[in-house]
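J.: Can you read through this structure? Questions will come right after.
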Amino acid sequence: MPIMRGGPLKNDEFQFINVQFRWSSYNSRGAEHSIDNVWYSMEAQVMHWNMRYGSIDKCYDKPDGIAILSYLMQVVGCPGISDNPALAPITDKLSEIKYMNSTVNIKPEQCGQSPIDLIDKIVRPMRFPPLIINGHWLKDGNATLFNDGVTARVSLSGDRIPSTISGGPLMNDEYEFYDAHFHWGEENCRGAEHTINGTWFSMECHMVHWNRKYLTSDECLKRRDGFCVLAYLFLVQPGSCQWNNIKFERISENLKYIQSAGSETKIPPNSLSWMRIATDCLHYYTYHGSYNLDNNRSDNPECAQWIVFPTIIPLQLCQINEFRKLKDKNGEFIKSNRRDIQLLRGRKIFLQLHESINNYERNKENVQLIQELASIEGKLESPIDLNIGYMRVIELNPLQWCNYNVMPKKLKLTNTGYTVILSAKWETERPCLRDGPFASSYTFSQIHFHWGETNMDGSEHRVDGESMPMELHAVHFKSDYETQEAALRRDDGVTILVYLFQLQANANPLLDNILRTLPFVQAAHSSVRLTPFLVTNIMRCFQRDYFVYWGSVKMISYRNSVLWVISRKPVGISMEQVAQFRTLYDERKMPLLKNCRPLQNRSNRNVFHVCPSGTTHATLLPIPRHYSDTCIQGHVADNDKNIT
């Protein structure tokens, strides 16, 4: 039952009893209370009893036994003023209770319908667990585009893992993809269903997911947590804008084949990859609302958790016009299929943030600063000497490691004749990095190593003028470009994580999986399969306290810009373990004793120290006392625990 507390009620809780109405023969004087001798037409009194006394009967003779909320109502006789819809469920039933002691049941009014206006002034910042979106844009299986006479729907089928979402506001439940469908309007300025601070958008896509703990969709419709809907907002770009949403063409270019209601066509299985543009943003609105079976119904089942991403997906005019060419079951063009904004009715809207709103905005500006340096400092050569004395301290949102706790399906170690590369394949989404210095997500590509002829000269980067025995590079490419080859042609296409090795007396057992297979790849261009293990076993996950700068490396015949992200915590390794890498051979069948590039001038470029922690007097931190404890089963020791 509803309760109220606080205010003049102090620490007591009062439970709802009923609502009573007071009126008279005259509209000018029907309420019991008046304010400054002004009378009103009617009064509604919401009765509550003090739960401290255990029962209603014990409350009537207590001075604090009953609490009444009083609402004053005034009849308005102005033309154009319609009936109050909030009272309709009651006034519509009054004709059935004309006589004393007669009763009638009132159907509860639907008070949690969707869509709504997402107003920043009333949202509640919240820190949910990481939202995990998995499998939606894989290239496996089949995808179908279907015109059901109301909208265009995308379904996924065939030999592919189920596409699921979990985490975030969904608690411990896992939701499986059902379909994706679109809503648009006659005008580009008003076609989406949700609005943000009263601002309209051109189109909206709903990714519907059902709760896997219920056996059927009918059962989900009866449950408050039956569905989860991911909402994506589109905005048509002005005619002068040359930006083209290539990934969305997999859908828009196939709409011409389903113009008639009931028609369908096959589309590429990764046709939902455009959603990553918005999903890469870790901030979203979420609220509880309805799963809209029919836009004309006012009582759609209120069984859905909505997650609305505020990042706007650009769209060309020609792309949205293809949706307006679809026809309904009567052969008429579907010019508009959006539902009007619904009242919030006291519901809470949450805004997922990893930091406070002020920090979030400031950190976004810092990311923009770093990204703007790509075209200038991305042409300067790498590697460089790292010294904490000249670095610029900067605050960024925590670096997010997505899917790094998922075991690869396959691992392969290859001797390229220049280095040794560890590559991997996953059944699910490939791991990627988000947030931190990145404006988008970066997908894992491969890991390789650099070493030298001696233990005093093996790393590419130097620290305070001194070389380290070895260096690990974890190469990532921007997810928007889909392949590393395409990413290499862009200024912001590649980022490399750097781990510097430091000598220690004992062998590092986390390197055993690599070292025990080196004898099988001694010849150039040889490779061997490995028993799968988590790549985080050899590359420690971190969220803060690291270095960032722009540089470049020469690949094949041209130089590529690289955003270097360097871990401040070194990796321990023994002299015997380093020596095993020197047993490999290059293409000339000569021992591969050295593959580190020469040091380059810093040339006054910006080197950032992100979110320092601990001492700031030494460039590198000490080797973790128990390195094997820092990356176990894909989780991070110390304070770095947000791996998704």
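The values are calculated or read from the model by the stated rules, or taken from the named source; none is laboratory data. Predicted, not measured: the structure shown is a model, and the values here were computed from it. Virtual Cβ from ideal backbone geometry, glycine too; neighbours counted across all protein chains shown.
J.: Can you run down the residue pairs with Cβ atoms below 8 Å, 6 or more apart or on separate chains, where the first is in segment 39-59 and crowded, with 16+ Cβ neighbours inside 10 Å and the partner is β-branched (Val, Ile, Thr) and in a loop (DSSP other than H, G, I, E, B)?
T.: 41/75; 42/75; 49/56
J.: Is it the case, given these coordinates, that residue 345 is under 16 Å from residue 204 (Cβ atoms), among the basic types (Lys, Arg) and modelled with pLDDT under 95?
T.: No: the conditions fail for residue 345.
J.: Scan segment 509-535 for residues that are of a type in the set (S, T, N, Q) and modelled with pLDDT under 95 and jot them down. Please lay out each step first, then the result.
T.: To start, the set of residues in segment 509-535 that are of a type in the set (S, T, N, Q) comprises 513, 517, 522, 526-527, 531.
513, 531 - these are the residues of segment 509-535 that are of a type in the set (S, T, N, Q) and modelled with pLDDT under 95.
J.: Return yes or no: is residue 553 modelled with pLDDT of 90 or more and of a type in the set (Val, Ile, Thr)?
T.: no
Conditions tested, residue by residue: (1) more than 22 Å from residue 341 (Cα to Cα); (2) small (Gly, Ala, Ser); (3) in the same structural domain as residue 313 (by the TED database); (4) modelled with pLDDT of 95 or more.
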| position | (1), (2), (3), (4) |
| --- | --- |
| 227 | no, no, yes, yes |
| 236 | no, no, yes, no |
| 243 | yes, no, yes, no |
| 251 | yes, no, yes, yes |
| 279 | yes, no, yes, no |
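J.: Would you pick out the residues in segment 523-565 that are hydroxyl-bearing (Ser, Thr, Tyr) and assigned to a strand (DSSP E or B)?
T.: Matches in segment 523-565: 527, 546, 549, 552, 558, 561.
J.: For segment 511-535, give me each residue that is within 33 Å of the chain's Cα centre (by Cα) and farther than 23 Å from residue 593 by Cα.
T.: 530, 531, 532, 533, 534, 535
J.: Give me the strands (runs of 3 or more DSSP E) completely within segment 245-346, filtered to those with at least 2 residues that are buried (at least 19 other Cβ atoms within 10 Å of the Cβ) and touching a residue at least 40 places away in the same chain (Cβ under 8 Å), ordered by residue number.
T.: 285-289, 304-315
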